[in-house]
Amino acid sequence: MSAKTILITGGAGFIGSHVVREFVLKYPEYHILNLDALTYAGNLSNLTDIEDKDNYEFIKGDIVDLNFINELFIKHEITDVIHLAAESHVDRSILNPLAFIHTNVVGTSNLLHAAKSNWSNTSEHKFYHVSTDEVYGSLSETGYFLETTPYDPRSPYSASKASSDMIVRSFAHTFNLPIVISNCSNNYGPNQFPEKLIPLFISNIIDQKPLPVYGKGENVRDWLYVVDHAKAIDLIFHEGQPGETYNIGGENEWSNIDLIKLLCQKMDTKLGRNKGDSESLITFVKDRAGHDFRYAIDCSKLKKNLDWAPIETFETGIEKTIDWYLGNQQWIEHVKSGAYQEYYSQQYSNR
Ligand code: NAD
Ligand code: TYD
């Protein structure tokens, strides 16, 4: 019987909900505490299938509240942390950078501080910080991000994540905290909030609304199915070396415009619309400020050292994703209620 009590932060969000599910179902002997502030991006309906499991508990709370975090560590005798809670959307970081500094920098520092204060024999514990490839900056047409690539964040989002990565590393070097970091490429899949490219465009195609392509749509992203990310996190949590960083990626680069055209074709077929209907919604709009041109991950360290490989191809992953959104249109409407319309018009009306 393992006495692990794992605090997963941000477990009501997109990636966090898949990580919580993976751990709750695979490790009945672990106690999984899901801590989430339930911001616009957090949604407990992402977890209805596992909410009654004996080894699962949800706690609503804010990682920026240090006293609350400290008391949580004491009360629940937390042994490990998998930290995903964050403000995660680049466009919102352009509208409101300070929210990103608060949650991503101060919130992460609070969790580190509580771990350092409450873990006496650090070798029995693990602090896993989930980060992004965007900390490495932007690539031109060639090259890949390696774990050794110098950090060069260029948006308030990526700068806040880079800062938090650095603070995590500093707690390892200075206080011997057993940390591990992963930097992953763009995720897609069920439960992603319809502000990111793929779910936003699926939702707009369903509603026959314009598809706002930034600039010329030539920017390139490397896409990974979210469940493959969750499985990589499981592997790194259990087998990753303390102090190490692992890149995670799909080796699956798409220019935005090619990806959008693929989505349009698939959606026309699924919705029984005429060929070309969805593509006619494409609207080229003013580019994102400071738009990073290309992200591409070299994940050979993870593949070689920990024998990781994604299960989904892009073909199977994108089919599953589209089918999930088509089958869960109530979920889309639910998360788009509230402040979404305000955000949407602020983001897109002047482009
Ligand atoms: P998300 O926005 O879908 O979810 C974030 C979750 O964190 C939400 O449930 C939200 O309620 C919660 N949260 C926000 N502020 C909080 C606070 N102050 N206290 C407690 N909870 C708070 O994000 P996501 O896309 O699932 O990303 C999760 C993590 O993975 C982030 O750290 C992100 O940087 C990282 N990441 C994301 C991607 C991607 O493609 N989405 C890729 C690589 C890494
Ligand atoms: P996004 O999903 O926001 O992820 P990130 O910026 O973190 O990579 O955007 C993916 C790409 O799609 C990025 O190059 C910006 C572009 N994009 C658009 O062209 N239009 C949109 O409405 C959105 C949200 C993104």
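The values are calculated or read from the model by the stated rules, or taken from the named source; none is laboratory data. Since the structure is predicted, the reported quantities are computational estimates derived from the model, not experimental observations. Ideal geometry is used to build each Cβ from the backbone, glycine not excepted, and the neighbour counts take in all protein chains shown. With ligands, DNA and RNA removed, areas are computed over all heavy atoms of the protein, side chains included. Shrake-Rupley method; radii C 1.70, N 1.55, O 1.52, S 1.80 Å.
Given the condition touching a helix residue (DSSP H, G or I) at 6+ places or on another chain (Cβ under 7 Å) and surrounded by fewer than 18 Cβ atoms within 10 Å (Cβ to Cβ), answer yes or no: does some residue in region 182-194 qualify? So far as region 182-194 goes, no, none of its residues is touching a helix residue (DSSP H, G or I) at 6+ places or on another chain (Cβ under 7 Å) and surrounded by fewer than 18 Cβ atoms within 10 Å (Cβ to Cβ).
All conditions in (1) open to solvent by 30 Å² or more (accessible area, probe 1.4 Å); (2) part of a helix (DSSP H, G or I); (3) charged (D, E, K, R); (4) closer than 22 Å to Ser185 by Cβ hold for Glu134, with the sole exception of (1). Residue-level analysis places Ile311 outside the set of residues that are part of a helix (DSSP H, G or I) and either on the phi < 0 side of the Ramachandran plot or open to solvent by 10 Å² or more (accessible area, probe 1.4 Å) (or both).
Figure legend. Inter-residue proximity from region 274-303: first residues over 17 Å from Ala232 (Cα atoms), second residues open to solvent by 60 Å² or more (accessible area, probe 1.4 Å) and among the hydroxyl-bearing types (Ser, Thr, Tyr), beta-carbon distance below 6 Å, spacing 6+ or different chains. Indicated pairs: Ala296/Tyr144. The one condition from (1) part of a helix (DSSP H, G or I); (2) of a type in the set (S, T, N, Q); (3) within 16 Å of ligand 2 (Cβ to nearest atom) that Thr174 does not meet is (3). You will find that of Leu47, Leu7, Leu66, Leu35, the residue that is at negative phi, away from ligand 2 (no atom under 16 Å from the Cβ), hydrophobic (A, V, I, L, M, F, W, C) and open to solvent by 50 Å² or more (accessible area, probe 1.4 Å) is Leu66 and no other.
The criterion of being modelled with pLDDT of 95 or more, closer than 20 Å to Val130 by Cα and in contact with a Cys (Cβ under 9 Å, 6 or more places away or on another chain) holds for Ile15. Of all positions in region 267-281, none carries a residue that is in a loop (DSSP other than H, G, I, E, B) and under 22 Å from the mean Cα position of the chain (by Cα). Of the strands (runs of 3 or more DSSP E) lying entirely inside region 20-114, those carrying at least 1 residues that are under 18 Å from the mean Cα position of the chain (by Cα) and of a type in the set (A, V, I, L, M) are 31-36, 80-83. State whether one or more residues within region 185-192 are in contact (Cβ under 8 Å) with a residue 40 or more places away in the chain and away from ligand 1 (no atom under 14 Å from the Cβ). No, every residue in region 185-192 fails to be in contact (Cβ under 8 Å) with a residue 40 or more places away in the chain and away from ligand 1 (no atom under 14 Å from the Cβ).
None of Asp234, Asp207, Asp222 is free of Cβ contacts under 8 Å to residues at least 12 places away in the same chain and on the phi < 0 side of the Ramachandran plot except Asp207.
Looking only at region 137-152, residues that are of a type in the set (Ser, Thr, Tyr), under 13 Å from Tyr295 (Cβ atoms) and open to solvent by less than 80 Å² (accessible area, probe 1.4 Å) come to 3 in all. The residue list Asn252, Asn204 contains one member that is polar (S, T, N, Q) and either away from ligand 2 (no atom under 16 Å from the Cβ) or open to solvent by 10 Å² or more (accessible area, probe 1.4 Å) (or both), which is Asn252. Checked against the criterion of being surrounded by fewer than 15 Cβ atoms within 10 Å (Cβ to Cβ), away from ligand 2 (no atom under 16 Å from the Cβ) and of a type in the set (A, V, I, L, M), the candidates Leu111, Leu98 yield just one match: Leu98.
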